[in-house]
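Q: One structure, as structure tokens, below. Some questions next.
The values are calculated or read from the model by the stated rules, or taken from the named source; none is laboratory data. For clarity, every value in this text was computed on a predicted model and none was experimentally measured. So basically every Cβ, Gly included, is an ideal-geometry build from the backbone, and we count neighbours across all protein chains shown. Each accessible area value is taken on the protein alone, full model and side chains, heavy atoms only, with ligands, DNA and RNA left out. Shrake-Rupley method; radii C 1.70, N 1.55, O 1.52, S 1.80 Å.
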Amino acid sequence: MDRSPLFRAATDGFRWNGVAEMEYKQAGSAPFRDISRQVLFDDPALGCQLRYFEMKPGGYSTLERHEHVHAVMILRGHGTCLVGNAVRRVKPRDLVSIPPMTWHQFRASAGEAMGFLCMVNAMRDKPQLPDAEQMRAICADPTVAAFVSGER
Ligand code: MN
């Protein structure tokens with residue numbers, strides 16, 4: 001990857017000059033809905049990437065886990081996130097840490113888009129999706145089950 005330009009201006013609606021809005025993941029590779037990805041910083045000297053993900057109202061990220069960690073800051077909108085067994089409502093500027101091998105998912109509220117910054121190692125393992133047995137274990141907690149089903 002190339003070194004980032006020194007300055008890139010923000011434009012309307014949480015977009016930036018010189019930053020492409022991309023698919024969140026390859027379609028069909030995992031469950032998700034109405035979420036886009038922008039890679040803001042990807043300088044090899046950093047060893048990490050800073051991405052901006054945005055979900056449309058009712059959109060959600062993939063329920064997944066992996067060895068690498070995420071450092072997240074909510075930037076716009078409201079929604080709910082799952083980290084392990086904890087379901088929390090989140091608002092702009094809230095910070096969320098995703099530890100290794102911890103199931104996690106973000107959901108925008110029904111009424112508004114939600115966007116968050118996510119810092120991640122450049123070199124990282126592939127996310128794992130829950131199999132049927134793991135999904136049953138995740139959903140043993142009724143609050144978590146309601147979140148995962150989208151009922152919140
Ligand atoms: Mn993840």
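Q: Filter region 126-142 down to residues that are within 16 Å of the ligand (Cβ to nearest atom) and not in a loop (DSSP other than H, G, I, E, B) and give me whichever is surrounded by the most Cβ atoms within 10 Å (Cβ to Cβ).
A: Ile138
Q: How many residues does region 1-12 contain that are exposed (fewer than 10 other Cβ atoms within 10 Å of the Cβ) and of a type in the set (Gly, Ala, Ser)?
A: Qualifying residue count for the region: 1.
Q: Please work out which one of (1) at pLDDT below 95; (2) among the small types (Gly, Ala, Ser); (3) within 14 Å of the ligand (Cβ to nearest atom) is the condition Ser61 fails and give its number.
A: So the condition that Ser61 fails would be (1).
Q: Please state which of the following conditions Ala45 fails to meet, knowing it meets all the rest: (1) under 20 Å from Phe147 (Cβ atoms); (2) in contact (Cβ under 8 Å) with a residue 40 or more places away in the chain.
A: Unmet for Ala45, out of (1) under 20 Å from Phe147 (Cβ atoms); (2) in contact (Cβ under 8 Å) with a residue 40 or more places away in the chain: (1).
Q: Name the pairs whose Cβ atoms lie under 7 Å apart, with the first residue in region 126-152 and on the phi > 0 side of the Ramachandran plot, the second of a type in the set (S, T, N, Q), and 6 or more positions between them or separate chains?
A: Arg152/Thr80
Q: Further question on the same structure: Residues being in a strand (DSSP E or B), touching a Phe, Trp or Tyr at 6+ places or on another chain (Cβ under 7 Å) and more than 21 Å from Trp16 (Cβ to Cβ): count how many of those fall in region 81-119.
A: Of the residues in that region, 5 qualify.
Q: Pairs please, first residue from region 93-107 and on the phi > 0 side of the Ramachandran plot, second anywhere and open to solvent by 20 Å² or more (accessible area, probe 1.4 Å) and near the ligand (Cβ under 10 Å from one of its atoms), Cβ atoms under 6 Å, 6+ apart in sequence or on different chains.
A: Short answer, once both residue conditions are applied: Met101/Arg65.
Q: Inspect all residues belonging to region 21-39 and state whether any of them is surrounded by 15 or more Cβ atoms within 10 Å (Cβ to Cβ), more than 19 Å from Gly150 (Cα to Cα) and in contact (Cβ under 8 Å) with a residue 60 or more places away in the chain.
A: Scanning region 21-39, I find no residue that is surrounded by 15 or more Cβ atoms within 10 Å (Cβ to Cβ), more than 19 Å from Gly150 (Cα to Cα) and in contact (Cβ under 8 Å) with a residue 60 or more places away in the chain, so the answer is no.
Q: Test Met123 against the stated conditions and say whether it is more than 14 Å from the ligand (Cβ to nearest atom), closer than 29 Å to Leu46 by Cβ, open to solvent by 50 Å² or more (accessible area, probe 1.4 Å) and not in a strand (DSSP E or B). Talk me through it step by step, then tell me what you get.
A: Values: more than 14 Å from the ligand (Cβ to nearest atom): yes; closer than 29 Å to Leu46 by Cβ: yes; open to solvent by 50 Å² or more (accessible area, probe 1.4 Å): yes; not in a strand (DSSP E or B): yes.
Answer is yes for this residue.
Q: On the given criteria, is Ile74 within 10 Å of the ligand (Cβ to nearest atom), crowded, with 17+ Cβ neighbours inside 10 Å and β-branched (Val, Ile, Thr)? If you could, list the steps in order and put the result at the bottom.
A: Details: within 10 Å of the ligand (Cβ to nearest atom): no; crowded, with 17+ Cβ neighbours inside 10 Å: yes; β-branched (Val, Ile, Thr): yes.
The answer is no for Ile74.
Q: Would you check if there is a residue in region 29-39 being modelled with pLDDT under 95, part of a strand (DSSP E or B) and touching a Ser or Thr at 6+ places or on another chain (Cβ under 7 Å)?
A: yes
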